[in-house]
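Right, one structure below, let's go through it.
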Amino acid sequence: MIGRILRESAIIAVLAALPAGVMAWQHLQVKPEGPLAPGEVRLSEAKAWEPAVLWVDARSPAKHAHRTIPGAVQIDPENWEERIPALLDAWDPDKRIVVFGDREGDAAATVALRLREEMQLSPVWMLHGGFEAWLRP
Amino acid sequence: MHIRFCFAFLASAGMALANLHWESAVQEFERVPEDGSVTAKYAFKNTGSEPVTIRRVQTSCGCTSAKLTKTTFAPGESGEIEVKFTFGSRRGLQRKLISVKGDKDQEWRLDLRCNIRETVTINPAFVFWRIHSDPAEQSIRIVCEPSAGVKVTGVKSSSPRLAANLTTAKPGEEYIVTVKPTDTSQKEAAELTIETNFPPDAPRSYRVFARIR
């Protein structure tokens, strides 16, 4: 009788730990980066594509000049007309484009959309977490 | 018997995860500058078995605002977030991301895409050929707002290796620019200038790009 109670208790304990484990795993997966929006890629995956990546910095020229991902080309919605020729010169059809911006990423989202829709470049991704993701150790 | 109860309990515990199901988390709009703004309504339903409290709706641009009439939603209850994007001087394709955060560390991302259509739209604005590939002709379509009275008057290429030619599909409404390389034996870059008669006091030209890579 005692053996049966202990066995059932052990099974209950293991089963009770399962949802907690699932939740903890999901938590680790999501944090600190949060869910991927459509067209986003995580930094680890984008880094694995190197050197076949064209990094596009959609932050302001001042932030780009201060610090950026090595080799990144700067362009944002404000200077699109001026900067698009330089981006096309740096582009290669065998490279994947990864656009990054500030954490919230409206500028990066707009640049990525325009590269895809107006320029019909493909593939174009947005870096999840923006430049901050690159800065995190 | 005890174990069966235990399974039932755990199954229900798994279902108890609070979650919002979004009817359409990505929304696309076509507008003209005169519209001034666009409003998107993101409908959702709490499909979990616990109440969900929306702690924060975050937009990243002063041009975008979000409105939520209440914050806590019972299981099975539906709600809506209204997002308004004001164009200002923005034109062309625009995209706004909205982050919705729940009280249990959940986060959902909403996506608003709007094409603020100009008087003249050109698609694509870039054509390319791979080096040593077939130098086949490619087309660029130019569409004008019929009421604007725009005419495309010409096209010029900055490179003789990438020749451009203009044809009129429908006067004042649709034009086609064809681009053809003489060869694709080496890299090349060209800027094509599309000239119009609009506006009459300062006719505007548009740039598109061609590359051999």
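Scanning the range A:102-125 for residues that are at pLDDT below 95, open to solvent by less than 20 Å² (accessible area, probe 1.4 Å) and touching a helix residue (DSSP H, G or I) at 6+ places or on another chain (Cβ under 8 Å) yields a total of 2. The residue pairs whose first member lies in the range B:31-53 and is on the phi < 0 side of the Ramachandran plot, whose second member is among the acidic types (Asp, Glu) and open to solvent by 10 Å² or more (accessible area, probe 1.4 Å), and whose beta carbons are closer than 6 Å, counting only pairs six or more residues apart or on different chains, are B:Lys41/B:Glu80; B:Lys41/B:Glu82; B:Ala43/B:Glu23; B:Ala43/B:Glu80; B:Asn46/B:Glu77; B:Thr53/B:Asp103.
Just one of the listed residues (B:Val127, B:Val100) is outside the structural domain of B:Thr193 (by TED's automatic domain parsing) and among the aliphatic types (A, V, I, L, M), namely B:Val100. Pairs under 7 Å by beta carbon, first residue assigned to a helix (DSSP H, G or I) in the range B:144-159, partner of a type in the set (Ser, Thr, Tyr), six or more apart or different chains? Hits for this filter: B:Ala148/B:Thr119.
Residues that are facing chain A (nearest Cβ under 9 Å) and either aromatic (Phe, Trp, Tyr) or under 18 Å from A:Trp80 (Cα atoms) (or both) within the range B:72-112 comprise B:Arg90, B:Gly92, B:Leu93, B:Gln94, B:Arg95, B:Lys96, B:Trp108, listed in sequence order.
Looking across the range B:131-150, the residues that are over 17 Å from B:Leu192 (Cα atoms) and crowded, with 16+ Cβ neighbours inside 10 Å come down to B:Pro135, B:Cys144, B:Glu145, B:Val150. Note on the range B:69-91: residues that are modelled with pLDDT under 90 and open to solvent by less than 60 Å² (accessible area, probe 1.4 Å) amount to 1.
I'm checking my understanding of the structure. Among residues of the range A:81-90 that are within 9 Å of chain B (Cβ to nearest Cβ) and open to solvent by 10 Å² or more (accessible area, probe 1.4 Å), which one is modelled with the lowest pLDDT?
Our first condition is that a residue be within 9 Å of chain B (Cβ to nearest Cβ); within the range A:81-90, this holds for A:81, A:84-85, A:88-89.
With the extra rule that they be open to solvent by 10 Å² or more (accessible area, probe 1.4 Å), the set shrinks to A:81, A:85, A:89.
Numbers: A:Glu81: 91, A:Pro85: 96, A:Asp89: 96.
That would be A:Glu81.
Of everything in the range B:169-180, what is open to solvent by 10 Å² or more (accessible area, probe 1.4 Å) and either assigned to a loop (DSSP other than H, G, I, E, B) or in contact (Cβ under 8 Å) with a residue 40 or more places away in the chain (or both)? Give them in sequence order. If the condition is that a residue be open to solvent by 10 Å² or more (accessible area, probe 1.4 Å) and either assigned to a loop (DSSP other than H, G, I, E, B) or in contact (Cβ under 8 Å) with a residue 40 or more places away in the chain (or both), then B:Pro171, B:Gly172, B:Glu173, B:Thr178, B:Lys180 are the ones that fit. Looking across B:Asp183, B:Asp105, one residue alone is surrounded by fewer than 16 Cβ atoms within 10 Å (Cβ to Cβ), at positive phi and not in a strand (DSSP E or B). It is B:Asp105. Look at (1) among the small types (Gly, Ala, Ser); (2) in a loop (DSSP other than H, G, I, E, B); (3) surrounded by 13 or more Cβ atoms within 10 Å (Cβ to Cβ) and you find that B:Gly62 fails only one, number (3). Of the candidates B:Ala189, B:Ala136, B:Ala163, the single residue that is among the hydrophobic types (A, V, I, L, M, F, W, C), in contact (Cβ under 8 Å) with a residue 24 or more places away in the chain and part of a strand (DSSP E or B) is B:Ala189. Taking every residue in the range A:103-123 that is part of a helix (DSSP H, G or I) and pairing it with any residue that is among the hydroxyl-bearing types (Ser, Thr, Tyr), at least 6 positions away or on another chain, the pairs with Cβ-Cβ distances below 8 Å are A:Asp106/B:Ser60; A:Asp106/B:Thr64; A:Arg116/A:Ser122.
The values are calculated or read from the model by the stated rules, or taken from the named source; none is laboratory data. From a predicted model like this one, the values you see are computed outputs, not experimental measurements. All Cβ positions, glycine included, derive from the backbone under ideal geometry; neighbour counts span all protein chains shown. Note: areas computed on protein heavy atoms with side chains; ligands, DNA, RNA excluded. Shrake-Rupley method; radii C 1.70, N 1.55, O 1.52, S 1.80 Å.
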